[in-house]
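The structure appears below as structure tokens.
The values are calculated or read from the model by the stated rules, or taken from the named source; none is laboratory data. Remember, it's a predicted structure, so these values are computed and weren't measured experimentally. Cβ placement follows ideal geometry from the backbone for every residue including glycine, while neighbour counts extend to all protein chains displayed. Each accessible area value is taken on the protein alone, full model and side chains, heavy atoms only, with ligands, DNA and RNA left out. Shrake-Rupley method; radii C 1.70, N 1.55, O 1.52, S 1.80 Å.
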Amino acid sequence: MGILEGKRILVTGVLTDSSIAFSVAKLAQQEGAQVVLTGFGRLSLVERIAKRLPEPPPVIELDVQNTEHLDSLADRVGEHLDGLDGVVHSIGFAPQSCLGGNFLNTSWEDVATALHVSTYSFKSLAVACLPLMKEGGAVVGLDFDASRAWPVYDWMGVAKAGLESCSRYLARDLGKHGIRVNLVAAGPLRTMAAKSIPGFAEFEDSWPEKAPLGWDLNDTLPAARACLALMSDWFPATTGEIVHVDGGVHAVGS
Ligand SMILES: NC(=O)c1ccc[n+]([C@@H]2O[C@H](COP(=O)([O-])OP(=O)(O)OC[C@H]3O[C@@H](n4cnc5c(N)ncnc54)[C@H](O)[C@@H]3O)[C@@H](O)[C@H]2O)c1
């Protein structure tokens with residue numbers, strides 16, 4: 001029996017088959033879950049990628065900046081699943097000016113977009129799914145360690161620091177509904193989001209060397225496994241936590 005046998009999971013953030021969310025959706029199906037995806041923008045592309053999963057799941061449109069999408073999300077997911085046991089937030093975006101060493105000059109408008117999509121949406125998504133989580137469940141988000149200032153990550157780093165804090169406040173407020181809220185802080189992975197960061201090579205070059213366990217920039221499976229573990233019944237008393245899946249880099253000096 002798989003560790004998500006019988007669970008109903010909503011996975012956001014599939015864009016390509018290198019997306020962390022693609023790995024999560026695939027593994028979740030292999031471990032016995034029923035999966036529904038949300039897609040942003042080019043839905044036909046997400047639907048094409050979804051066909052590469054073991055069982056092609058329904059794809060629902062969700063732009064986390066669109067209030068109508070959020071307000072109708074529970075009803076639209078409810079057409080496919082009679083409830084949710086797990087929700088995966090695998091969403092991030094920042095305008096180019098927010099990344100790559102332009103920290104002192106970025107406009108508030110661009111920073112606001114980054115925070116809306118990458119930070120506030122964790123709360124929006126969790127609240128939008130609440131009507132389907134009457135029996136409790138788990139919300140998991142994808143983080144990049146925000147405990148320090150990294151090269152080039154800039155305002156996305158600030159957005160992730162906000163995500164970490166948001167996760168703790170959500171854990172506080174959703175605990176009474178039996179909902180656990182946790183983050184997986186992954187090391188750098190070669191996805192579309194990563195490729196759009198000017199200077200991402202700075203991470204690529206040093207991370208595998210620094211990591212006590214080594215680090216494969218192309219392997220999203222370790223992060224996906226952690227997401228599954230956090231949605232399973234094996235972390236029943238864990239919430240507001242950040243699990244680092246980074247080869248151990250967060251734990252050692254550089
Ligand atoms: N790739 C890495 O190195 C890395 C490391 C740690 C954490 N993360 C985080 O993992 C998550 C997933 O990113 P990924 O690396 O798999 O890249 P990805 O590009 O495959 O996924 C990012 C997703 O965000 C979605 N998105 C962007 N704007 C949106 C909006 N307005 N509404 C809804 N969805 C929107 C995109 O459609 C895409 O599916 C992000 O939160 C990212 O910050 C990535």
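Determine, yes or no, whether V88 is in a strand (DSSP E or B) and open to solvent by less than 80 Å² (accessible area, probe 1.4 Å). Here the answer is yes, as V88 does meet what is asked. Taking the criterion of being free of Cβ contacts under 8 Å to residues at least 12 places away in the same chain and away from the ligand (no atom under 13 Å from the Cβ), the residues of region 188-235 that qualify are D205, E209. Tell me which residues, restricted to region 214-228, are of a type outside the set (D, E), closer than 24 Å to Q29 by Cβ and over 14 Å from the mean Cα position of the chain (by Cα). Matches in region 214-228: N218 only. Once region 9-31 is narrowed to residues that are within 14 Å of L230 (Cα to Cα) and surrounded by fewer than 24 Cβ atoms within 10 Å (Cβ to Cβ), the residue that is nearest to the ligand (Cβ to nearest atom) is L27. The single condition from (1) among the basic types (K, R); (2) touching a residue at least 12 places away in the same chain (Cβ under 8 Å); (3) closer than 24 Å to R8 by Cα that K160 fails is (3). When region 165-192 is filtered for residues that are open to solvent by 50 Å² or more (accessible area, probe 1.4 Å) and of a type outside the set (A, V, I, L, M, F, W, C), the ones remaining, listed by number, are R168, Y169, R172, D173, K176, H177, R190. Please verify whether region 36-51 includes one or more residues that are modelled with pLDDT of 95 or more, away from the ligand (no atom under 14 Å from the Cβ) and farther than 16 Å from V139 by Cβ. Looking for residues that are modelled with pLDDT of 95 or more, away from the ligand (no atom under 14 Å from the Cβ) and farther than 16 Å from V139 by Cβ, one finds at least one in region 36-51, hence yes. When you scan region 60-76, do you find a residue that is open to solvent by 40 Å² or more (accessible area, probe 1.4 Å), closer than 21 Å to M133 by Cβ, touching a strand residue (DSSP E or B) at 6+ places or on another chain (Cβ under 7 Å) and in a loop (DSSP other than H, G, I, E, B), even just one? Scanning region 60-76 turns up no residue that is open to solvent by 40 Å² or more (accessible area, probe 1.4 Å), closer than 21 Å to M133 by Cβ, touching a strand residue (DSSP E or B) at 6+ places or on another chain (Cβ under 7 Å) and in a loop (DSSP other than H, G, I, E, B). A count restricted to region 92-118 and to residues that are surrounded by fewer than 22 Cβ atoms within 10 Å (Cβ to Cβ), under 20 Å from the mean Cα position of the chain (by Cα) and not in a helix (DSSP H, G or I) stands at 2.
Considering only residues of region 129-161 that are away from the ligand (no atom under 12 Å from the Cβ) and part of a helix (DSSP H, G or I), which is least open to solvent (accessible area, probe 1.4 Å)? Residue satisfying both the conditions and the ranking: C129.
Here E79 fits the description: without any contact (Cβ under 8 Å) to a residue 40 or more places away in the chain and away from the ligand (no atom under 14 Å from the Cβ). Yes or no: region 204-215 includes at least one residue that is acidic (D, E), part of a helix (DSSP H, G or I), more than 20 Å from G157 (Cβ to Cβ) and open to solvent by 40 Å² or more (accessible area, probe 1.4 Å). Scanning region 204-215 turns up at least one residue that is acidic (D, E), part of a helix (DSSP H, G or I), more than 20 Å from G157 (Cβ to Cβ) and open to solvent by 40 Å² or more (accessible area, probe 1.4 Å).
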